[in-house]
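The values are calculated or read from the model by the stated rules, or taken from the named source; none is laboratory data. What you see is a predicted model, and the numbers here were worked out from it, not measured in a lab. FYI the Cβ positions are ideal-geometry reconstructions off the backbone, even for glycines, and counts take in every protein chain you see.
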Amino acid sequence: MSIPPIIQAIKTYDTVIIHRHVRPDPDAVGSQAGLKEIIKQSFPDKDVYITGKADPSLEFLARMDEIDDHTYENALVVVCDTANAARIDDQRYKLGEKLIKIDHHPEVDPYGDVIWVDTSASSTCEMIYDLYQQAKEDGFIVNDEAARLIYAGIVGDTGRFLFPSTTKKTFQHAADLVTYQFDRPSLYDNIYNIKDNIAKLQGYILQQFELSDAGLSTVKLSKKLLDKYGVSPNETGQLVSVLGNIAGIKAWALFIEEDDIIRVRLRSKGPSINQVAAEYNGGGHPMASGATVKTWEEADSVIKDLDQVCMNFKSR
């Protein structure tokens, strides 16, 4: 079991630096910042930092710290919610003395001196609360702010407890967390409310999507189109679930053109899509993954592979 050595490492090191994946979501930031809050409350004399590229849409959860390379000397580094090392935000994670991986995705890279991967967990935030429950006897503390952050990550990665990854334990953790004092309505608003320009682009997607015979739906969002609606590539994360309630869709993909790449957001109601994502510089869960391609021709290859996955699933 990986939890006891993680507890011991946190108790041992005076400096802890916590990373997460690029292009974060509420679970990435919630687990990262929630763990920081737990450590700071439990051990006030420790120096604890969170790092990664700032995402304005998630600053309602936490703001990243700015640290120099020297801070990593003799430090414990923890990476949350990241299956493969290439997707760790801020590659200085290698500069620490000891490295811990905490993640709920299917394992891609077994990096780290201590590895704790639990694919049965709904979210990495659920795992952080597991860690706390085992560490209470060692003086670990969850306060209102830590509860807010952990709850946000669980809500985000379970789609408000609608996804199949939600378990009895997920609900039990949520029941514990809501006993703390934080503004749940405000939290939901920050996660799910969208601006009018994003709503208009959502309408465009609903008008333009196509459904293949195999049950695959894809939408291409060019940079020109995003500029027309005034939506940044990061904000398209709020659009990924738009097609999820349409009957007949087995899996769907949004292709988002950025300056030098095309980001692919993949979702599924049944077919396992993470292997396709892994073939295109990505990865993730069987039902929720991401990938990256460089050209629209390569995007068409992704579509072809996804359609075959849906066809195979349909024929079972």
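Looking at 209, 182, just one residue is within 23 Å of residue 268 (Cβ to Cβ) and of a type in the set (Phe, Trp, Tyr), and that residue is 209. Among the residues of segment 254-268, those that are under 18 Å from the mean Cα position of the chain (by Cα) and either outside the structural domain of residue 288 (by TED's automatic domain parsing) or among the charged types (D, E, K, R) (or both) comprise 263, 265, 267.
Of the residues in segment 88-97, at least one is in contact with a strand residue (DSSP E or B) (Cβ under 9 Å, 6 or more places away or on another chain), within 18 Å of residue 36 (Cβ to Cβ), assigned by TED's automatic domain parsing to the domain that holds residue 170 and aromatic (Phe, Trp, Tyr). Looking only at residues of segment 127-164 that are of a type in the set (S, T, N, Q) and free of Cβ contacts under 8 Å to residues at least 60 places away in the same chain, we find that the one that is surrounded by the most Cβ atoms within 10 Å (Cβ to Cβ) is 158. The single residue among 101, 169 that is among the basic types (Lys, Arg), outside any helix (DSSP H, G or I) and either at negative phi or modelled with pLDDT under 95 (or both) turns out to be 101. Restricting attention to segment 6-46, the residues being acidic (Asp, Glu), within 25 Å of residue 159 (Cβ to Cβ) and more than 12 Å from the chain's Cα centre (by Cα) number 1. All of (1) assigned by TED's automatic domain parsing to the domain that holds residue 293; (2) more than 19 Å from residue 56 (Cβ to Cβ); (3) touching a helix residue (DSSP H, G or I) at 6+ places or on another chain (Cβ under 9 Å) hold for residue 203 with one exception: (3).
Here residue 309 fits the description: under 20 Å from residue 83 (Cβ atoms) and part of a helix (DSSP H, G or I). Taking (1) crowded, with 19+ Cβ neighbours inside 10 Å; (2) at pLDDT below 95 in turn, residue 124 satisfies each apart from (2).
Of the numbered criteria (1) surrounded by fewer than 22 Cβ atoms within 10 Å (Cβ to Cβ); (2) within 21 Å of residue 58 (Cβ to Cβ); (3) at pLDDT 95 or above, the one residue 223 fails is (2). When residue 215 is tested against the conditions (1) crowded, with 18+ Cβ neighbours inside 10 Å; (2) at negative phi, the lone failure is (2). With respect to the conditions (1) under 20 Å from residue 165 (Cα atoms); (2) more than 14 Å from the chain's Cα centre (by Cα); (3) of a type outside the set (A, V, I, L, M), residue 295 falls short on a single one, namely (1).
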